[in-house]
1. Toward the positive end of the charge dipole of the chain, about the Cα centre and with charges on Cβ (Lys, Arg +1; Asp, Glu -1), which of 64, 42, 210 goes farthest?
2. I'd like the FRET efficiency for residue 236 and residue 200, computed as 1/(1 + (r/R0)^6) with the beta carbon distance as r and R0 of 25 Å, rounded to 0.05.
3. I need 158, 261 ordered by Cβ neighbour count within 10 Å, fewest first.
4. For residue 251 and residue 120, compute 0.36 nm times the residue count separating them, minus their Cα-Cα distance, and round to one decimal in nm.
5. Under a Cβ-only charge scheme (Lys and Arg +1, Asp and Glu -1), can you give me the dipole magnitude of the chain about the Cα centre, in debye to the nearest 20?
6. Within a Cβ distance under 10 Å of residue 110, other residues only, what is the Lys/Arg minus Asp/Glu net charge?
7. Kindly identify the range 140-242 as rounded, prolate or oblate by the Cα gyration tensor criterion: order the square roots of the eigenvalues as a ≥ b ≥ c, call it rounded if a/c is under 1.5, otherwise compare a/b with b/c, prolate if a/b is larger, else oblate.
8. I'd like to know which of 152, 248, 130 lies farthest towards the positive end of the charge dipole of the chain, counting +1 on Cβ of Lys and Arg and -1 on Cβ of Asp and Glu.
Amino acid sequence: MKLSLFVLLLLAIAIPVVAQGDVAAAKAAFADLKAKLDAEQSAYRAELGKLRKNEEYVKLRKSGDRQAAGALYRELMKDIKRPDNGAYTEKFMACAKKFAGTDGAVPFLSWVSMRAASQDDRKTAIDMIVAAHLGSDEIGDFIGGLPRAVRALGRENVESILDKVIAGESSKLMKAHAWMSKAGLDRKPRRGTEDPDVTARREQALAKVSQLAPGSDLAARAEAPAFEKNRLQKGMVAPDIEGVDLDGVKFKLSDYRGKVVVIDFWGDW
């Protein structure tokens with residue numbers, strides 16, 4: 001009896017450890033596979049850059065002979081190896097199957113759902129996540145990409161998935177991701193007027209994000225449209241900015257009140 005109890009205790013301890021180990025191994029495998037793909041894509045973009053600077057190609061473009069320029073471009077492209085999306089899709093799906101039943105499968109399935117060239121492969125990956133992983137804390141990227149899946153799935157199906165996350169046992173952060181994506185389904189048009197009901201629906205969704213994940217980067221993104229509307233319009237007093245200038249001197253934007261100031265925002269990625 002004591003031996004049986006001891007074995008049960010060992011199993012109880014071992015199961016979560018194995019699951020955690022699978023997730024850690026999956027994250028490492030995903031990072032490795034993604035790094036290889038990124039390297040190929042970077043090399044491909046570099047070769048494209050060289051092609052566009054090809055002396056003969058540039059000369060033809062400047063001459064206005066688009067037909068000849070296009071023919072040369074296609075000929076030069078034959079020597080440039082494009083990353084094989086289909087092959088990588090197979091690799092990501094193989095890894096997803098290897099880690100099936102654990103959260104480790106999620107990043108691989110998420111990649112396929114958003115990046116696969118085949119719409120069928122995307123749908124398969126989405127179905128697998130919906131069937132087994134909607135309660136996972138690893139689906140943030142997947143949820144964030146769902147608005148782009150409207151073309152493949154239809155808006156009703158995308159909304160249905162998001163509603164399942166919101167109504168299910170997902171964490172508050174994952175529910176916040178779902179509300180953010182619901183807001184993304186109702187993007188503000190670049191030109192023209194917008195239906196007031198659509199505006200209200202989007203603003204309600206963004207408010208839910210802030211309620212569920214206060215202080216998070218996600219909440220900051222959700223609050224940005226309202227901040228722009230209420231604080232960054234012409235004629236309004238600019239929000240005060242505190243920082244350090246190029247000489248290491250601390251300053252506030254308000255220090256320059258009454259003067260013309262050029263603010264240059266930049267960053268490196």
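What follows is calculated from the coordinates using simple rules that are stated; it is not laboratory data. Remember, it's a predicted structure, so these values are computed and weren't measured experimentally. Here the Cβ is made from the backbone with ideal geometry for all residues, glycine too, and neighbour counts use every protein chain on show.
1. Going by the charge dipole, the pick is 64.
2. 0.60
3. Placing the least packed residue first, the sequence is 261, 158.
4. Answer, rounded to one decimal: 41.7 nm.
5. I would put it at about 680 debye.
6. So the surrounding residues net to -1.
7. Taking the square roots of the gyration eigenvalues as a ≥ b ≥ c, the range 140-242 is oblate.
8. Highest projection toward the positive end goes to 152.
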